[in-house]
Structure formats: C-alpha cells, structure tokens
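Structure, as structure tokens:
The values are calculated or read from the model by the stated rules, or taken from the named source; none is laboratory data. Keep in mind that this is a model prediction, so the values were computed, not measured. Note that each Cβ is placed from the backbone with ideal geometry, even for glycine, and that neighbours are counted across all protein chains shown.
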Amino acid sequence: MGPFIRNHEYNFIKKQAGILHQACRTVSDRSVLESVRNSAVFKIMELFPEASGAHKQLLEQLYACKETEDFHRYLRSLEPYLCEFPQITDQQIKKLFPKNKKLKIPDLSAIDYRFVTYLSWMDVSTNKLFMVYPKEGQVIGIEGKFTLANKKSYCFLCNKTGEVGLFTAITKSRPAHSSPDYYKAIGNYMCMNGQECNQNITDYKKLEDFLANVLGKQM
C-alpha cells in the first residue's frame, strides 16, 4: 500500500481515536462503549469511500484498541501511509511572492511534510504572514497582515481555541467598473502557531474558501 491519508484526514482519525480512548477510560457500560467504538470507526471509514480492502483493514484496527498503548500504536501504524505536502524549494516560494525582494523563508529541510496541510510563516519585521497551499498539481501563495489578538479565540481553520491573530489579505476580486484605487481586505482569526494548527485541522474547505476569496477565483 502506498500513502493515501492526507494530514487533515489523519487529524480526523486522531480525533476519533481520542474520543474512543476517553470512552474506554471512563465508560463502564459495554453497550455505550461499543456504540462509541462503532461510531468512531464508521466516521473514519466515511472519509475513505474508495478505500481498498487492505486500506479498510488498516483503518478498522481501531476496533481492537482498548488501552492507551493500543491507541498510540494504531496512530503510529498509519504514519507510513500519510501523503506528504509537495516538496517545495526556496526558489519556488520566491516566485509565488515576487514583490517581496527580501522574503524570509523558513528552513524547509526541518519540516515533516507528512503533517502539513498548508505552510505558513511570519515575517516579524513587516508583521506579514505568508501562506502556501497545493491545489491540483500547483502551489499557490497568499500574503497578508497578521495582527496579534492578545486573546484566546477560535481559529477559523482548525476550530481550536488558542492564541490567535487576525490575518487580513487584500482580495484580487474587483467589482465591475470599480475605480483603480478600489481594494477590499478580508480577514479571519487564525492560530499564531501554524504547526499546531496543522496538527489540528480536520477539514480544508474553510481554507480553500478563504484562498478563493483572496484570489478572486474558484478553487
């Protein structure tokens, strides 16, 4: 079997495994526990309607998990089947942001691309956040202002509560007959720590909707 699980799907599996793990620790009613177990596996299998027999067998091993080490072992067994974020070079990133002549790029060699849905990094000297995302064989990039919120709130990407900032980007979408000076900024609160966000994101739709709004085109 080759890789077939994307990062957001792995996070969803991890979430369902966590729900079952908690139930195994706290629920004494066997019928209730089995209901939670069946629900967790069913939701995972719904993510992979085209899964082969071998893939199904791998994913359904959650059925047998009871102890803490069982769950850890189950999640580790899935890691070899994670699809990596497309490898990208410094030069490719620079081409995505041609107006930023002094673009600061993170150490790409230090990233574990199995656990990445999108790349993001801050340039603290300009308070800018840069985001890179693969779509249909291409890689797209957007940039915007990142303002610390100094509070905990929901991230629009991963729906987790944590330290966030307001990410605002100028959309390229323009109404018909708009003036040359027209611009519109759109923004959302998102995690300050992109790595943690990537560890929690379970659905990429909100990310793609945001990118589509910024870029002014369907994705």
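Structure notes:
- Counting only helices (runs of 4 or more DSSP H) that sit completely within region 4-122, those holding 3 or more residues that are among the charged types (D, E, K, R) and out of contact with any strand residue (DSSP E or B) (no Cβ under 8 Å at 6 or more places or on another chain) correspond to 7-26, 30-46, 68-78, 90-96.
- Flag if VAL41 is β-branched (Val, Ile, Thr) and more than 25 Å from the chain's Cα centre (by Cα): no
- Single condition MET45 does not satisfy, out of (1) more than 20 Å from ILE201 (Cα to Cα); (2) aliphatic (A, V, I, L, M); (3) surrounded by fewer than 17 Cβ atoms within 10 Å (Cβ to Cβ): (1)
- Checking each residue in region 112-128 for being modelled with pLDDT of 95 or more and aliphatic (A, V, I, L, M) picks out VAL116, LEU119.
- Selected residue (criterion: farthest from ILE13 (Cα to Cα)) from residues of region 47-67 that are polar (S, T, N, Q) and out of contact with any helix residue (DSSP H, G or I) (no Cβ under 7 Å at 6 or more places or on another chain): SER52
- Candidates LYS145, LYS151, LYS172, LYS184 - the one that is at pLDDT below 90 and in contact with a Ser or Thr (Cβ under 6 Å, 6 or more places away or on another chain): LYS184
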